[in-house]
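Here the structure comes first, spelled out in structure tokens, and everything after it is commentary.
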Amino acid sequence: TLYGDQWNAMVPIVQILAILGAFNTVMTATTWVYVSTGKIERQIGWESFTLVIIAIALGLGVRSGINGAAIACVAAGVVLRICAWFYSFHQTPVGVQDLLAVLWQPATAGIAAGVTVIYLRSLNFVSFNSAPVEAFMMGLATVAVYAVTWMILPQGKLTLLALWREAKSEISPP
């Protein structure tokens, strides 16, 4: 393993928490709504509510050990994140359906890449005898599956091409 065998017990916990991490990547959308509508107090109220629910979930989950606490945290967190979308977009001209219309393609590609890497790792048919090499190879697999999935999705090739052009224009000197 990359950091040594003493960290092997952490792998399932990190894998469980990664689910919540995926949801957290799109939570900035709610912050943008609160800031742009001048309703930061709604965000403070929601975050306070979220902290209480997560604390309760952790308290209940820890009875089943560290994995139970992680699962409880993720279950509560995912439900709260989805509810946060509806709460933050309430009475705004933009709705959850608008957010999902933008997110479905990258989310689909990300899920496909994640599931593929989990599947490849479960096969254990390739041994790189080096954790850094294995991490690099799994990273390549992730990028490849993500890109291929994007290309398969409707308008995916055009979207990737537009993103590529935009990235090039940002990197290239004027």
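The values are calculated or read from the model by the stated rules, or taken from the named source; none is laboratory data. Please read these numbers as outputs of a predicted model, since none were measured by experiment. Every residue, glycine as well, gets a Cβ built from its backbone with ideal geometry; the counts of neighbours run over all protein chains shown. Quick note on the areas: whole protein, heavy atoms, side chains included, nothing else; ligands and nucleic acids left out. Shrake-Rupley method; radii C 1.70, N 1.55, O 1.52, S 1.80 Å.
Take every pair of alpha-carbon atoms less than 8 Å apart whose residues are at least six positions apart; their mean separation over the length of segment 33-102 yields a relative contact order of 26 percent.
Each of (1) 15.9, 44; (2) 19.6, 59; (3) 25.1, 70 is a candidate for Rg and Dmax of the Cα atoms in Å; the one calculated from this structure is (2).
Rounded to the nearest 500 deg cm²/dmol, what is the calculated helix-only ellipticity per residue at 222 nm for the chain, with -39500 (n - 2.57) per DSSP H run of length n ≥ 4? Could the numbers behind the result be given before it?
Details: 7 runs with 137 residues, N = 174.
Result for the chain, helices only: -27000 deg cm²/dmol.
Please list, ordered by chain and number, the residues whose modelled amide H lies under 5 Å from the amide H of Lys39; skip anything fewer than 5 residues away on the same chain. Distant-sequence amide H within range of Lys39: zero hits. Full extension of the chain between Thr37 and Val117 gives 24.8 nm of extra length, using 0.36 nm per residue less the Cα-Cα distance. Residues Glu170, Glu41, Glu47, Glu134 ordered from highest to lowest accessible area at a 1.4 Å probe: Glu170, Glu41, Glu47, Glu134.
Within segment 1-133, what whole-number % of the accessible surface is contributed by carbon and sulfur, with the 1.4 Å probe and all protein chains included in the calculation? Don't skip to the end; give the middle numbers.
Numbers: 6020 of 8530 Å².
The nonpolar share, carbon plus sulfur, comes to 71 percent.
Tell me, what is the FRET efficiency for Ala55 and Thr108 to the nearest 0.05, using R0 = 22 angstrom and their Cβ-Cβ distance as r? Efficiency computed from Cβ-Cβ geometry: 0.10.
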